Amino acid sequence: MRLFVPLTITFVAGIIMILQFFVPATQSMGESLQEWYMIVASFAIFIGAANLLQVHAHRIRFKGRNWKYSPVTIVGFTAMVLTGLIFGIEKGTPFNFLFLEMVAPMSATMFSLLAFFVASAAFRAFRASNWRATLLLISAFVVMLGRVPIGAMIWDRIPLISEWIMQVPNLAGQRAVMIGAAMGMVATSLRMIFGIERSYLGGAD
Amino acid sequence: MNWTIFGIWLGALLSLSLYSFLYKDNPFYKFAEHLFVGMSAGYWVIYTIKNVLIPNWWENLLPAEGGMQPIWLIPGILGIFMVLRIVPKLASLSRMSLSLIVGTGAGLTMTAMFQTNALAQVNGTIVALGQGGGWFNWVSNIIMVTGVVCGLVYFFFSKAHTGIVGRTANVGITILMVAFGASFGYTVMARISLLIGQTQFLLFEWLPTMGIHL
């Protein structure tokens, strides 16, 4: 019974989703199920939030590593949630102000910081140790050069070569990855629907 | 108080605190990092409530025209079961919610995702070699078709990569290396454009608030 109900729900939900694709009469059922799926999956954000608060409360309580910064996380979280719930999220509200003036610049800065780390990690990882690694480096270099004005200033064909790399070899490689991954996903989905793959049910004992 | 200038200063000081990590780990960075984590989590919680749960669940459960639709209690209950994962004694209830998510996701993958990620890609690859353009397009189309086929052979592990299969897989690796290089370059450029955006913000929005015009 402990496994029977969850496996039955998975099977029925999976079959409905497949049927709604082929049988028009089951389409509305499939659409409702998709809405349910979105609603239930959205609740996962609350687990994440609770976990975040739990981790930081634990860190403060036991004076764990960097515990002095944990109140900052809790205050930031609370400020966003309270302003959002009390004043709403429309333009001009405190929530919107906090998002535009604090979250958005910090998010852009965090991701722009990655430019430095990606570049230095790539320098170490992709050293031109063999001709394929060299090919990878050249391809990356040409694509980067093709997207800045200096590329066209060096040689006016560089943006065209960059575009060709993106449209032909890159697309071919991406397609191979996508088709391969799609095959794997279909096989895994079948295993899940028929209850062969059950690892997602673990960890809740 | 001028809220616009206050906002610019907040954004600038937090950005500079985060950039200080480029020198070394320091308290300013740690403060901004922790604040960013907390505020982002709070933002997504409110975003989910206001943009997903209220319009898709609450307004269906209790429509504006009155009355309650009891069928919409089911996803709500399953959602609560999902949250109960954080209560060890009731964690097993979350299996019901996970089953619905996994089952629906698997069914969607079998049909919609397969259509877009596999069939549409195969369809896009089957092109007439001489379609449009001259010899250049012809060569490009050959590289495209060969690249996809060889790339797929590389991902086929049911047969040892020796002989003709090995040689085909080798061509596949070469195409994949070019593709990964291109994707890498593209990603780096996206990050660089964010860096340029933040630098412009500091130089042309923040500095003028102190009377420094570049």
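Bear in mind that the values in this text are calculations on the coordinates, not laboratory data. Nothing here was measured: the structure is a model prediction, and the numbers come from that model. Cβ: placed from backbone, ideal geometry, glycine included. Neighbour counts: every protein chain shown.
Which residues, counting only those in the stretch B:133-160, are loosely packed, with under 11 Cβ neighbours inside 10 Å and not aliphatic (A, V, I, L, M)? Show your work before the answer.
Going residue by residue through the stretch B:133-160, those that are loosely packed, with under 11 Cβ neighbours inside 10 Å are B:134-136, B:157-158, B:160.
Matches in the stretch B:133-160: B:Gly134, B:Trp135, B:Phe136, B:Phe157, B:Ser158.
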> Only one of these conditions is not met by A:Leu7: (1) assigned to a helix (DSSP H, G or I); (2) over 24 Å from B:Leu16 (Cβ atoms); (3) facing chain B (nearest Cβ under 8 Å); (4) within 26 Å of the chain's Cα centre (by Cα). Which number is it?
Replying inline: (4)
> Taking the stretch A:9-66 only, how many residues are among the basic types (Lys, Arg) and closer than 28 Å to A:Arg191 by Cβ?
Replying inline: 0
> Hey, A:Lys63 hits all of (1) out of contact with any Ser or Thr (no Cβ under 7 Å at 6 or more places or on another chain); (2) in a helix (DSSP H, G or I); (3) not aromatic (Phe, Trp, Tyr) but one; which does it fall short on?
Replying inline: (2)
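With respect to A:Gly146, is the statement that it is more than 7 Å from every other protein chain (Cβ to nearest Cβ), closer than 30 Å to B:Asn123 by Cβ and buried (at least 21 other Cβ atoms within 10 Å of the Cβ) true?
Numbers: more than 7 Å from every other protein chain (Cβ to nearest Cβ): yes; closer than 30 Å to B:Asn123 by Cβ: yes; buried (at least 21 other Cβ atoms within 10 Å of the Cβ): yes.
It is true that A:Gly146 is more than 7 Å from every other protein chain (Cβ to nearest Cβ), closer than 30 Å to B:Asn123 by Cβ and buried (at least 21 other Cβ atoms within 10 Å of the Cβ).
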> When you go through (1) farther than 30 Å from B:Tyr154 by Cβ; (2) crowded, with 21+ Cβ neighbours inside 10 Å one by one for A:Ala140, which number turns out not to apply?
Replying inline: (1)
>> I'm told B:Asn123 meets every condition in (1) more than 10 Å from every other protein chain (Cβ to nearest Cβ); (2) surrounded by 13 or more Cβ atoms within 10 Å (Cβ to Cβ); (3) among the polar types (S, T, N, Q) except one. Can you identify the failing condition by its number?
In response: (2)
> Can you spot a residue in the stretch A:107-120 that is buried (at least 18 other Cβ atoms within 10 Å of the Cβ) and either of a type in the set (Lys, Arg) or more than 26 Å from the chain's Cα centre (by Cα) (or both)?
Replying inline: no
> Can you spot a residue in the stretch A:108-119 that is more than 7 Å from every other protein chain (Cβ to nearest Cβ), in a helix (DSSP H, G or I) and aromatic (Phe, Trp, Tyr)?
Replying inline: yes
>> Can you tell me which condition A:Arg59 does not meet? The list is (1) surrounded by fewer than 18 Cβ atoms within 10 Å (Cβ to Cβ); (2) over 23 Å from the mean Cα position of the chain (by Cα), and all the others hold.
In response: (1)
>> Which pairs turn up if I take residues in the stretch B:21-38 that are without any contact (Cβ under 8 Å) to a residue 12 or more places away in the chain and look for partners that are assigned to a loop (DSSP other than H, G, I, E, B) and surrounded by 11 or more Cβ atoms within 10 Å (Cβ to Cβ) with beta carbon separation below 7 Å, at least 6 apart in sequence or on another chain?
In response: B:Lys30/A:Asn66
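Could you count how many residues in the stretch B:106-119 are more than 13 Å from A:Gln174 (Cα to Cα) and either surrounded by 15 or more Cβ atoms within 10 Å (Cβ to Cβ) or facing chain A (nearest Cβ under 8 Å) (or both)?
Filtering the stretch B:106-119 for residues more than 13 Å from A:Gln174 (Cα to Cα) gives B:106-116, B:119.
Filter once more, so that each one left must be either surrounded by 15 or more Cβ atoms within 10 Å (Cβ to Cβ) or facing chain A (nearest Cβ under 8 Å) (or both): B:106-114.
Total satisfying the criteria: 9.
Just wondering, is there one or more residues in the stretch A:60-70 that are at the interface with chain B (Cβ under 8 Å from one of its Cβ atoms) and closer than 30 Å to B:Phe81 by Cβ? Before the answer, list the steps.
So in the stretch A:60-70, the residues at the interface with chain B (Cβ under 8 Å from one of its Cβ atoms) come out as A:66, A:69-70.
Adding the requirement that they be closer than 30 Å to B:Phe81 by Cβ leaves A:70.
Within the stretch A:60-70, one or more residues are at the interface with chain B (Cβ under 8 Å from one of its Cβ atoms) and closer than 30 Å to B:Phe81 by Cβ.
Conditions (1) more than 8 Å from chain A (Cβ to nearest Cβ); (2) hydroxyl-bearing (Ser, Thr, Tyr); (3) under 21 Å from A:Ala181 (Cβ atoms); (4) in a helix (DSSP H, G or I), marked per residue:
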{"residue": "B:Asn137", "(1), (2), (3), (4)": "yes, no, no, yes"}
{"residue": "B:Thr146", "(1), (2), (3), (4)": "no, yes, yes, yes"}
{"residue": "B:Ile164", "(1), (2), (3), (4)": "yes, no, no, yes"}
{"residue": "B:Met177", "(1), (2), (3), (4)": "no, no, yes, yes"}
